[in-house]
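*Asks:* Mind having a look at this structure? Questions to follow.
The values are calculated or read from the model by the stated rules, or taken from the named source; none is laboratory data. Just so we're clear, the structure is a prediction, and the values are computed from it rather than from any experiment. With ideal geometry, Cβ positions are generated from the backbone for all residues, glycine too; neighbour counts draw on all protein chains shown. What goes into the accessible areas is simple: the full protein's heavy atoms, side chains included, and nothing from ligands, DNA or RNA. Shrake-Rupley method; radii C 1.70, N 1.55, O 1.52, S 1.80 Å.
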Amino acid sequence: MADRVTVIGWDGSPLTPAATSALSAATLVAGAAHHLALPEVPPGAERIRLGSVGLAARRIAGHRGSAVVLADGDPGFFGVVRTLRDPEHGLEVEVVPAVPSVAGAFARAGMPWDDARIVVAHPRTLRRAVNVCRAHRKVAVLTSPGAGPAELALLLEGVHRTFVICEELGSDREQVTVLTSENAADHAWRDPNVVIVLGGGPATEGDGWLAGPAPGYPSAPRGWALPAREYGAGLGPGESTELRAAQLARLGPRVGDLVWDIGCGSGALSAEAARFGAAVIAVDADVEACSRTESTARRFGVQVQAVHGRAPHALESLPEPDVVRVGGGGAAVVAACADRRPERIVTHAATRDGAEAVGAALSAGGYDVECALLQSVDLDTSAWTERERSVAFLLSGRRKERSP
């Protein structure tokens, strides 16, 4: 095992005395090409080009001597420290931090960043990073080759955002570019870069006590599956409070997810799924329903993309969903959704025959099916008399894991 492992963050500024001392004594240095080219790297030290951090960690664990790992920004913030400290490698590290790349990017933009979402985009996580950009007004994206500004812009098609792209921060080639997401795909961007993604409505600053976006929009009432009076014109068929609560519970929308709400009606479920932090695309054949959904989203301070069109044809060009709620369209729409392989599909039926048809479509699509008959009675508490009764079959499908 290496006698000593020091991780040095570098933000383009001169190295600190502590970093210089550790680097001068190193017999092994790992880092990107621009790190290994620093004049402070000892000529006789073994050099490892940092690609796979896990592979480098195994090399360091087998080295006898003093090892240094160079990384951009603060290596403890979405950096190499987590991998190096993994029990698999048994390494104890000392860290010399630098200004995080995200902090540097927001400083160049002259903006606060305590209210921003921060995500890492690799080719394997790019879709989820894009979903966060769909759902939130201020997002910093730490990019990587194959998951950079151009790829973000392409997957955000149809959603307007402003990009602040900070290339090679701290170097002589540093450049900050501000442009719309529609134009970002037309450029070749230099690595490393950080993208600040802005837009989607009025800014909501943090509360000054908790990092990240404000936990609640000022005008949004407390609670979930809110009653009809919270939605102005009220709720349509199949949108009862109790049914919506059960649907949300089975969908489990969360940050990084993309939710399809097909047959969005008033936009009640769309808005509440977005309040959980998920990105939402609401689809309806009725242009007035799309307008109501957009209005509901604005009122609750969330992002919802409304698409006017009739399912299943309107679904063909949409990005892949994580979970789907089908508010209308029956078995044909459910089958089309199952073809896109979301993790969960939730819908309802008014009759047992309709429930059996939907259940058969889910099962044929490779989903485990659950069904429950929900009955709710709304009472007038001034007289304790029945005001409204609703009955529906709640169906949910959970995607079966494919055999290896």
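*Asks:* Tell me the residue from 98, 153, 67, 109 that is surrounded by 18 or more Cβ atoms within 10 Å (Cβ to Cβ), over 25 Å from residue 258 (Cα atoms) and out of contact with any Pro (no Cβ under 9 Å at 6 or more places or on another chain), please.
*Replies:* Answer to the selection: 67.
*Asks:* Looking at 178, 159, which is the one that is among the β-branched types (Val, Ile, Thr) and part of a loop (DSSP other than H, G, I, E, B)? Even if it seems obvious, please write down each step before you answer.
*Replies:* Values: 178 fails: part of a loop (DSSP other than H, G, I, E, B).
159 is the lone residue from the list that is among the β-branched types (Val, Ile, Thr) and part of a loop (DSSP other than H, G, I, E, B).
*Asks:* A further question follows. Name the single residue, out of those in the range 101-131 being without any contact (Cβ under 8 Å) to a residue 60 or more places away in the chain and more than 19 Å from the chain's Cα centre (by Cα), that is nearest to residue 253 (Cα to Cα).
*Replies:* Taking the candidates together, the pick is 103.
*Asks:* I'd like to check something: does the range 46-60 contain any residue that is over 26 Å from residue 194 (Cβ atoms) and open to solvent by less than 20 Å² (accessible area, probe 1.4 Å)?
*Replies:* yes
*Asks:* Every residue in the range 126-147 that is open to solvent by 40 Å² or more (accessible area, probe 1.4 Å), over 20 Å from residue 169 (Cα atoms) and part of a loop (DSSP other than H, G, I, E, B), please.
*Replies:* Looking only at the range 126-147, we keep the residues that are open to solvent by 40 Å² or more (accessible area, probe 1.4 Å), and these are 127-128, 137, 145-146.
Now drop any that are not over 20 Å from residue 169 (Cα atoms), which leaves 127-128, 137.
If the condition is that a residue be open to solvent by 40 Å² or more (accessible area, probe 1.4 Å), over 20 Å from residue 169 (Cα atoms) and part of a loop (DSSP other than H, G, I, E, B), then 137 is the only one that fits.
*Asks:* Within the range 267-289, take every residue that is open to solvent by 10 Å² or more (accessible area, probe 1.4 Å) and in a loop (DSSP other than H, G, I, E, B) and give me the one that is farthest from residue 317 (Cα to Cα).
*Replies:* It comes out as 276.
*Asks:* Somewhere in the range 321-336, is a residue of a type outside the set (Lys, Arg), under 23 Å from the mean Cα position of the chain (by Cα) and open to solvent by 30 Å² or more (accessible area, probe 1.4 Å)?
*Replies:* Checking the range 321-336: not a single residue is of a type outside the set (Lys, Arg), under 23 Å from the mean Cα position of the chain (by Cα) and open to solvent by 30 Å² or more (accessible area, probe 1.4 Å).
*Asks:* To continue, here is another question. Name the single residue, out of those in the range 236-266 being among the aliphatic types (A, V, I, L, M) and in a helix (DSSP H, G or I), that is farthest from residue 125 (Cα to Cα). Talk me through it step by step, then tell me what you get.
*Replies:* The first filter runs over the range 236-266 and keeps only residues among the aliphatic types (A, V, I, L, M), leaving 243, 245-246, 248-249, 251, 255, 258-259, 262.
Imposing the further condition that a residue be in a helix (DSSP H, G or I) reduces the set to 243, 245-246, 248-249, 251.
Details: 243: 32, 245: 29, 246: 29, 248: 24, 249: 25, 251: 21 Å.
Per the criteria, the residue is 243.
*Asks:* Sticking with this structure for a sec: Inside the range 138-163, can you point out the residues that are under 24 Å from residue 32 (Cα atoms) and either of a type in the set (Ser, Thr, Tyr) or over 16 Å from the mean Cα position of the chain (by Cα) (or both)?
*Replies:* Our first condition is that a residue be under 24 Å from residue 32 (Cα atoms); within the range 138-163, this holds for 140-152.
Answer for the range 138-163, where residues must be under 24 Å from residue 32 (Cα atoms) and either of a type in the set (Ser, Thr, Tyr) or over 16 Å from the mean Cα position of the chain (by Cα) (or both): 143, 144, 145, 146, 150.
*Asks:* Yes or no: residue 355 farther than 22 Å from residue 227 by Cα, surrounded by 13 or more Cβ atoms within 10 Å (Cβ to Cβ) and of a type in the set (A, V, I, L, M, F, W, C)?
*Replies:* yes
*Asks:* From the list 27, 6, 16, which one is surrounded by fewer than 16 Cβ atoms within 10 Å (Cβ to Cβ) and β-branched (Val, Ile, Thr)?
*Replies:* 16
*Asks:* Now a separate question. Considering (1) open to solvent by 10 Å² or more (accessible area, probe 1.4 Å); (2) in contact (Cβ under 8 Å) with a residue 24 or more places away in the chain; (3) touching a helix residue (DSSP H, G or I) at 6+ places or on another chain (Cβ under 9 Å), say which one residue 316 fails and leave the rest.
*Replies:* (2)
*Asks:* How do the pairs read when you match residues in the range 349-362 that are at pLDDT below 95 with residues anywhere that are part of a loop (DSSP other than H, G, I, E, B), using Cβ under 6 Å and keeping only pairs 6 or more apart or on different chains?
*Replies:* Going by the 6 Å Cβ cut-off, there are no qualifying pairs.
*Asks:* Residues in the range 295-313 that are assigned to a strand (DSSP E or B) and either free of Cβ contacts under 8 Å to residues at least 24 places away in the same chain or out of contact with any strand residue (DSSP E or B) (no Cβ under 6 Å at 6 or more places or on another chain) (or both): how many? Show your work before the answer.
*Replies:* At the first step, the residues of the range 295-313 found to be assigned to a strand (DSSP E or B) are 305-308.
Of the ones still in play, those that are also either free of Cβ contacts under 8 Å to residues at least 24 places away in the same chain or out of contact with any strand residue (DSSP E or B) (no Cβ under 6 Å at 6 or more places or on another chain) (or both) are 308.
Of the residues in the range 295-313, 1 are assigned to a strand (DSSP E or B) and either free of Cβ contacts under 8 Å to residues at least 24 places away in the same chain or out of contact with any strand residue (DSSP E or B) (no Cβ under 6 Å at 6 or more places or on another chain) (or both).
*Asks:* Just one of the numbered conditions (1) touching a helix residue (DSSP H, G or I) at 6+ places or on another chain (Cβ under 9 Å); (2) open to solvent by 30 Å² or more (accessible area, probe 1.4 Å); (3) part of a helix (DSSP H, G or I); (4) modelled with pLDDT of 95 or more is not true of residue 292; which one?
*Replies:* (4)
*Asks:* In the range 32-57, how many residues are touching a Lys or Arg at 6+ places or on another chain (Cβ under 8 Å) and among the small types (Gly, Ala, Ser)?
*Replies:* 2
*Asks:* Given the structure, is residue 390 in contact with an Asp or Glu (Cβ under 8 Å, 6 or more places away or on another chain) and under 27 Å from residue 274 (Cα atoms)?
*Replies:* Taking the combined requirement at face value, the residue satisfies it.
Yes/no per residue for (1) at pLDDT below 95; (2) closer than 21 Å to residue 248 by Cβ:
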position	(1), (2)
280	no, yes
307	no, yes
314	no, no
328	yes, yes
335	no, no
340	no, yes
366	no, no
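*Asks:* Follow-up question, since we're still on this one. Can you pull out the residues in the range 236-256 that are over 19 Å from residue 375 (Cβ atoms), in contact with a Gly (Cβ under 8 Å, 6 or more places away or on another chain) and buried (at least 20 other Cβ atoms within 10 Å of the Cβ)?
*Replies:* Answer for the range 236-256, where residues must be over 19 Å from residue 375 (Cβ atoms), in contact with a Gly (Cβ under 8 Å, 6 or more places away or on another chain) and buried (at least 20 other Cβ atoms within 10 Å of the Cβ): just 253.
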